[in-house]
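Read the figures in this text as sums done on the coordinates, not as results from a lab. Just so you know, these numbers come straight off a predicted model, no measurement behind them. Counting neighbours? That spans all protein chains shown, and the Cβs are built from the backbone with ideal geometry, glycine included.
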Amino acid sequence: MTASELLRASSLPPLEARILLMYILGWRRTELITRDHQGLPSDAVERFGALSDRRANGEPIAQLIGKREFFGLEFDVTPDVLIPRPETELLVELTLEAIAEKPGARVLDLGTGTGAIAASIAHARDDARVWAVDRSADAIAVARGNAARLIDAQRAGGSLVFVESDWTANLDPSLLFEAIVTNPPYIASGDPHLDEGDLRFEPRSALTDEADGLSAIRAIVQSAPFMLAKNGALWIEHGYDQADAVRLLLQARVFTDVRSMRDLTGIERCTGGRFTA
């Protein structure tokens, strides 16, 4: 069977089928065109069928191929971590904006998962000193591997610092950061989306707080002022209907310049402010 025949016979959406076949064959996209009539090894055809079945059952493409692109970088993905999503790139952009005029800025990424946010900031700002926190040892291992592959340890800001911790609990209390960024679990317990699509295969603890969807955000907002330098920024990703609630939490904690920013779909996706007290 040729590549073109295999793709035509696939019941998957064409893009997904092409991604899986390129992964199996180690081909580039152009090779699917230039080599489309080349006969394929039987084991490649069998493997494509097996992965296609898994995808048809809902398993995420990123987990099937073990990779996901984020902010122009390719991150390893396992079932132990949340799959990086395009809308979260807004958090990176907002954090880079917050530290734009702060040489050697210290940045804290809470709930780092794959390390996508932390590594993207470190890659974009050579002098930034970045800490990445997660309570999952498995997630820390994935993030360490990504950082080792993507970030030059000799960069001006040095290697990323990884801390296994429940939010800020295990951090040195003397540390002060110019920016704190987080994509915490914000889906409320019982939300039907938890049992649909890709979310079924991702770590539940990275998706939901098993409460109202705001408990992790409340904890971060309460502790952040103790970890922020003067005029330090806090940016939080949240659910599509949580912007009002997160703004109120920040304002109650005396954050200033509190605002919500929309993602490319027009949803208020991230809310943040500065701590000046």
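For residue 56 and residue 205, a Förster radius of 35 Å and the Cβ-Cβ distance give a FRET efficiency of 0.85, rounded to the nearest 0.05. Within the chain, the proportion of C-alpha pairs whose separation exceeds 23 Å stands at 56%. Shown for the chain are the DSSP H helices of 15 Å or more along their axis, judged by Cα atoms, with a mean Kyte-Doolittle hydropathy of at least 0.0: 14-25, 137-150. Distance from the Cα centre of segment 203-277 to that of segment 1-36, in angstrom? Each part's Cα centre sits 42 Å from the other's. Since only 40, 63, 227 are under comparison, the one whose Cα sits farthest along the positive direction of the charge dipole of the chain, derived from C-beta charges on Lys, Arg, Asp and Glu, is 227. Looking at segment 71-275, the DSSP beta bridges with both ends there are about 40 percent antiparallel.
When you count the other C-beta atoms within 10 angstrom of each residue and take the mean per peptide, 144-153, 228-237 line up highest first as 228-237, 144-153.
So for segment 63-215, what are the equivalent ellipsoid semi-axes in whole Å, largest first, each being the square root of 5 times an eigenvalue of the Cα gyration tensor?
Numbers: eigenvalues 126, 60, 40 Å².
In descending order the semi-axes read 25, 17, 14 Å.
Hey, can you rank 264-276, 168-180 by average C-beta count inside 10 Å, highest first?
So the order, starting with the most tightly packed, is 264-276, 168-180.
Ranked highest first by the average count of other Cβ atoms within 10 Å around their residues, in what order do 35-41, 121-127 fall?
Numbers: 35-41: 12.4, 121-127: 19.0.
With the highest mean Cβ count within 10 Å placed first, the list reads 121-127, 35-41.
Which net charge results when you count Lys and Arg as +1 and Asp and Glu as -1 among the other residues whose beta-carbon is under 14 Å from that of residue 254? Local charge sum for residue 254: +3. Using only alpha carbons, segment 3-57 has a radius of gyration to Kirkwood radius ratio (Rg to Rh) of 0.92.
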